[in-house]
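The values are calculated or read from the model by the stated rules, or taken from the named source; none is laboratory data. Keep in mind the model is a prediction, meaning the values are calculated, not measured. Quick reminder, even Gly has a Cβ in these numbers, built from the backbone with ideal geometry, and neighbours come from all protein chains shown.
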Amino acid sequence: MTRLPRARAATTEAFLEQTGPELAALCTECGACFNACPMVDDVNLRGADPKIVTSGLRQLASGAAAPEETVAWVGACTKSGQCVDACPQKAAGLDAMLLVRIAKQRAINETRQLPAKQDPSYFPRIKTFARLQLSDEELEKWL
Amino acid sequence: MAVSDDRVTFWFGCNMLRHAEMIRLSIMLLERAGYDVSAAGGPAYCCGTSHDHQPHGASNMAGRTVSRFNEAATRDGRGTLVTWCPSCHMHMSDIMAPGNAAAFDITHISELLVASIERLAPLLTVPVPHRVLLHRHLGFSTHVPINDRVASVLSRIPGLELIEGPAHPGHMCSGIATVPGALKAVIGETWSAAIANCADTVCTIFHPCHREIAALDGRDNIRVRNWVQLVAEAMGIETSDAYVGWRNGGAPDIAAIERAEPSRYQTLIEPELRAPPLPVASAGVAE
């Protein structure tokens, strides 16, 4: 059983807005998160300079455009979580996976360096699967 | 109503609705572990994690969902939220709760089942004589030691030989699918490991992995099962798997399609069910 963290903002949008720059300020651009990431080879970034990539990570998390290597890396995040323990600033409160997540969101919505992946059929498909299988009582109680 | 430790909300997420049997089995296992369960999921309880391109909408979804679980805690005494989906669990812990005051605690279904294993173990009386390769990912272990927990539950099943498969990147297969070529490699590695270890079963932990591997059920005489199905089998409960059947040439019955609306079935569901499986190397046959 885990006690959830206390709310630090009125909405998730506000939380993410304030947390990006906070986490970026803790980052030392050492590159440990990038070096620990198992997706680096999948996007042909093994030769990239980890310091440049993580410098861009800080920029993105604060809403500024980043080098293409950084954008490609955050775009390939699959939440493996290996960056979290690799980060030497973890004890200071830096959640590297959350930093990458926020950077990815900013690359989609603010710097527009990543395309938005929209699937308007996402919820209709789920609802149709539900109606294929659930009883009326389950539909009523669960959804 | 006062919060009770044994009254829980089981939050199964959105995409688990492809696998209704797994939702029912999960509820049944929690009940046999001694919990009073109320299930919730689908779009009305969306965490918002798949809507990064709509930050305001995702924020509203998160607020609405937390508010519903707060209501379950205060009105119905359900102060524990039990998750299934790692995306939902991580999103609640890392993003939803810090932006919305939550009146409940969080746990994963695997934690409650492991904590109740001495109560559940005597119910595991039916041997499941299979050599089972566990399909694993690295990711969710930042929050929940899922691979070890599932392995520890499966290890209590009589007759079951467990092989821990390669630990793949990502937290589940749906995340990997966004990186070109990565999902094909992951599924291929799991299948090759199953063949190399003479496994007759590939066991999935999460629903997106089950969805991806389902179409391979029966190939190389290897079946595809989810971990809750194996636990239920050991309790003597017959486990069906409609999704696996549909991915392998079957179809829902006409009445179900009528209920879901035929046009929606044809446009939204059939293309997924009829998509070719990811290519994997079969025993003795190059990919």
* Structure fact -> Note: among A:A24, A:A14, A:A9, just one is facing chain B (nearest Cβ under 10 Å) and either outside any loop (DSSP other than H, G, I, E, B) or of a type in the set (D, E) (or both), namely A:A14
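Here is a yes/no grid of residues against (1) assigned to a helix (DSSP H, G or I); (2) at pLDDT 95 or above:
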| position | (1), (2) |
| --- | --- |
| B:S50 | no, no |
| B:A58 | yes, no |
| B:V82 | no, yes |
| B:M96 | yes, yes |
| B:A102 | no, yes |
* When residues of the stretch B:72-105 are filtered for being more than 8 Å from chain A (Cβ to nearest Cβ) and more than 25 Å from B:I205 (Cα to Cα), how many remain? -> 9
* Kindly indicate whether A:G63 is part of a loop (DSSP other than H, G, I, E, B) and within 17 Å of the chain's Cα centre (by Cα). => yes
* Asked: When the stretch B:163-190 is examined, which residues are found to be more than 9 Å from chain A (Cβ to nearest Cβ), buried (at least 20 other Cβ atoms within 10 Å of the Cβ) and either of a type in the set (D, E) or touching a Leu at 6+ places or on another chain (Cβ under 8 Å) (or both)?
  -> B:G165, B:C173, B:L183, B:I187, B:T190
* Give just the number: which of (1) in contact with a strand residue (DSSP E or B) (Cβ under 8 Å, 6 or more places away or on another chain); (2) farther than 26 Å from B:P129 by Cβ; (3) of a type in the set (G, A, S); (4) in a helix (DSSP H, G or I) does B:G188 not satisfy? => (1)
* Residue check, A:A72 against (1) within 7 Å of chain B (Cβ to nearest Cβ); (2) over 23 Å from B:A97 (Cβ atoms); (3) of a type in the set (G, A, S); (4) touching a Leu at 6+ places or on another chain (Cβ under 7 Å), all met but one. Which one? -> (1)
* Does B:R18 satisfy the criteria of being among the basic types (K, R) and either surrounded by fewer than 21 Cβ atoms within 10 Å (Cβ to Cβ) or at pLDDT below 95 (or both)? -> no
* Condition broken by A:S80, with the remaining ones in (1) over 17 Å from the mean Cα position of the chain (by Cα); (2) of a type outside the set (D, E, K, R); (3) crowded, with 23+ Cβ neighbours inside 10 Å satisfied -> (1)
* Condition test on B:G63, is it in a helix (DSSP H, G or I), over 15 Å from B:I109 (Cα atoms), at the interface with another protein chain (Cβ under 9 Å from one of its Cβ atoms) and not aliphatic (A, V, I, L, M)? -> yes
